[in-house]
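What follows draws every value from the coordinates through simple rules; no lab data is involved. For clarity, every value in this text was computed on a predicted model and none was experimentally measured. Virtual Cβ from ideal backbone geometry, glycine too; neighbours counted across all protein chains shown.
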Amino acid sequence: MLLDAFYALLDVWVLIAAVVGVIAGIVIGAIPGLGPTMAIALLIPVTFTMSPIPALILLLGVYQGAIFGGSISAILLNVPGTPSSAATALDGHAMARRGKAGEALRIALYASVFGNVFSCLVLMLLAQPLASLALDFGPAQMAALMLFALAIIVLFGGGSILDSALMTLVGIAAGIVGLDPIEGLPRFTFGSFAAEDGLQLIPVLIGLFAMSEVLLQAFGGHRQSRPPTKVGSVSGHVGILAMWRMRVTLLVSSLIGTFVGILPGIGSTVPAFVSYGFARSRSRHKETFGQGEPEGVAAPEAANNAVTGGALVPMLSLGIPGDAVTAVILGAFMLQGLTPGPFLFQHHGVEVYAIFEALILLSIPCVLFGLMMFKGAVHVIKLQPRHLFPAIAILAIFGAFSVNNSLFDVGVMLGAGVIGFLFRRCGFPLPPLLIGLILGPPLEESLRQALLTSGGSVDIFLDSPIALGLLGVTALCALGASLQRLRHRRQGN
Amino acid sequence: MKPGIESSQENADRRVGVQTLITSGLLLVALAGLFTLTSQVTVFDFGDSGPDARFFPRLVLALLALTAGLRLWRHRHALETALGSARDWSRTLFAVVLIGVAIAAMNLVGFLASAAVVGILLSWLLGERRLSLSVVLPLVVAALVTLSARQLLNLPLP
Amino acid sequence: MSYHQQGSDALLVHRITIALATALLLVTTTAWSEPFPSRPVTLVVPYGAGGTTDISARQLAKLAEPILGQPVVVENHPGGGGINAMRSVARATPDGYTLIATTSSPSFVTPALRDVGYDPIQDFLPLLNYSGPYHGVLINADSPYRTLDELLEAARNGTRLTYATAGALSGARLSFTALSRETHADLQHVPFDGASSATAALLGHHVDIALVPAYRDLVNDGRLRLLAVLDDERDPDFPSIPTLAQSGHDIEFPSIVALMAPRGTPAGRIDTLRDAFTQAASSDAFAKVMKKLNQPVRLMSGEALEAVIEKNLTDYRELASELKR
């Protein structure tokens, strides 16, 4: 089977599809606001007439390329190209500011490839057994998992716990605007139809991270012009030894990414932040995180790429997409006659294993073109802020519009920019706000689903070993964090 | 998230600064949300057991008010970042109003024109005085974005 | 103001009216004489790219292009469960160049429950119905209930059963609310984000029942059991499974996927569009794509569709007014 599948890949069209897909993915991912979901959705019509293997490899190549491409603008411009690379921006951009952009980009690239290969191996080995675990995550378990994720961000996100909690709650509160997930009725829309969709993630993200930067520049005025040489070039070298030193971080982050990818609906942003927090918490030099720590780049990149393989597990075995991107890929699979389900492996084994192998082999064009495209990225970073930020403002307006073709979203983007600007003036951390906004609505949804199922009784959380275990770990984390603080304070006195 | 603080280092460290201001703002927003909750959230009765649509917002807004209050209390003696000069604020306000007006006018004048105006005025605001960079560069970027959106991505830009 | 001035004002108004009327006449005559369509037709899809509604609409558009002799450009306008796109198409110029491929919930479910900013009857003219996934009443294969009656019997006698649907205000949910009111069965609704999440919740035994489409393979694989379909006719893939109405309950949720134009589009253009899209939808090429997508082809004329929408809108409005407190 594996060999048959490999022979099926020996085709010039497969090669062309892989190369075109990866390049298109990297370029699209690097543009803020154009995520993999949109790129794949727009390319599906192109694959109508192609045969299954090249068609799906083209789309999966775009997927992989876009997730990596998102980290390029995150590192060079501090503008995450995709939501999942917001975590990469924390240390990646700090490295770029210290003249280590080339190193950061290479670490991101190699970590991406590692996470991707790792998760594809897991996918090949465990596709069917793991699928049964995903189904055990019902509303109660999902609610517990999201509480756990929020607690991790607040407790281990770095900085003041109070500030993080404040920002997380602001994010969750902002997520309430729009239609109630259970009754479907508008909340805090003040009669506006456009607000019923809620605050869309991408416009808010672009506003918080890109537009707020433009406003900060406007606030600082001429003072912030910097000599162009300060950033340095993107050339650099990252040896195998440097990556080997990060082996535990890479492995753990890939595991987190793969596992979270298997759970439906979380996407790749959460594992990126969780593994960033994890790498920070087990590091011996925590204080360098946020200042340009290589492991802070490797961890989220390995994790968000590992989601690729993980998210395909429930999609292929049960036809249940793990996130928005796999939902679109699912449509492409169905169009090619590969109906996901328990019998997919029996009926289309060669195709499916060819796609698995291609996912691993796609790493080769990814590294090749990734390295080549850094040279082009050099010119972007050498621009003065006063040249760059007008362009960023234009791209931000365009990116916010492109999500839903709606001007309301552009307004939301500007509003988020102002809020982000104010919070950054205060030194409040923005990532918890983002995570709160992402996890708030599904947290409410699963919490209320669970309570509807149980008739309002909280026993549903205590009866499930998974939910109880997650809540227990959350409580332990809170306890551990407060003990640690207490000890710090005693030592300080 | 440091540049904002660094840029106003020269007049930092006042007792009441941006942090107190913004946290108080958040406290007020949370309280306003709690008061308008009943009018802003309608509830249908399908005879469901369990919490209704007001349960989660009430919980989150109360927690938000509590956390904001706690932060104000805990940091009541802390030194904070000063507000900064009126010049800086007026420049920022100008940028916000400029982009806001461009968004509002986009349906009338089109994406290309409003994006180009935003780009040109922003680069002037940021201190670029050479024509080639302050006018031509934003124009080229706006034109490129418009062209690729229309031709490659098939997006209906206004 | 003098009398004389008033007179000249009146004259001016009169002149403007004549000028306008002439202009209007000119516009309408050119509209009539100009062959339709003379420029690309826009087909709005109220959901994101890549979904089943989007893929089938794109295929239909592609097949209709050679018949119309003009490109049909598909534009995705997702958000608000289809409401946003419906609202903007309702306000579009009714010249036949803007159409929408819509589904049940923005056509007659959500408008019955709350103000959406358009009226599905007053603002839209249905062209034809071309698909509509059958929604089934599904339980796990290891569940003790064999028929819908057994299930309802249990729910009447102290067993609390939960049912999952694909969204908060879905037609499936309303039909089961009506069913539980009619039979006094203890049925609790739990909405999920999309049909696949609802199906997963059923497969994971987190709910007892799911009201979802796209169940064929899971039923054939023996993982789920189909007790009834919510539609107004039986699913041709499972001819032995009755509809809710055939099971003795006067409740139905007909699932539609239809093309509509804003009301006020000239009749001649409507006929041109209707003929072209009906021809495309009945072609073999379209049937083949829909089979791949696991979606049925269900053709229905515009008039019949309008009757279905009107009937259900009234029914759901009645139900909603009973539920609203």
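Here is how the numbers come out for the structure above:
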| quantity | calculated |
| --- | --- |
| Beta bridges by DSSP in the stretch C:136-229, antiparallel share as percent, to the nearest 5 | 55 percent |
| Gyration tensor (alpha-carbon) shape descriptor, the stretch B:86-151, a/c threshold 1.5 | oblate |
| Tilt relative to chain C, helix C:52-68 - C-alpha long axis, 0 to 90 degrees, to 10 | 40 degrees |
| Residue of C:122, C:188, C:295 that the Gaussian network model of chain C assigns the largest fluctuation, springs spanning Cα pairs under 10 Å | C:122 |
| Three-way shape label, the stretch C:136-229, alpha-carbon gyration tensor, a/c 1.5 | oblate |
| For B:96-102, mean number of other protein chain Cβ atoms within 10 Å | 5 |
| Low-density loop positions, trypsin sites (Lys or Arg not before Pro), the stretch C:72-163 - DSSP coil, at most 11 other Cβ in 10 Å | C:146 |
| In the stretch B:40-112, the trypsin sites (Lys or Arg not before Pro) that fall in loop regions by DSSP, at most 15 other Cβ within 10 Å | B:76 |
| Shielding by partners - mean other protein chain Cβ count within 10 Å, residues of A:417-428 | 6 |
| Listed residues C:195, C:228, C:154, most fluctuating in chain C (Gaussian network, C-alpha, under 10 Å) | C:154 |
| Inter-chain shielding of A:162-171 (mean C-beta neighbours from other protein chains, 10 Å cut-off) | 5 |
| Spin-label pair residue B:93/residue B:143, simplified geometry with 7 Å Cα→Cβ offset, distance in nm | 3.6 nm |
| Pairwise label distance in nanometres, residue C:92 with residue C:233, each label 7 Å out on the Cα-Cβ vector | 2.8 nm |
| Distance (nanometres) between label positions extended 7 Å along Cα→Cβ at residue B:21 and residue A:125 | 5.6 nm |
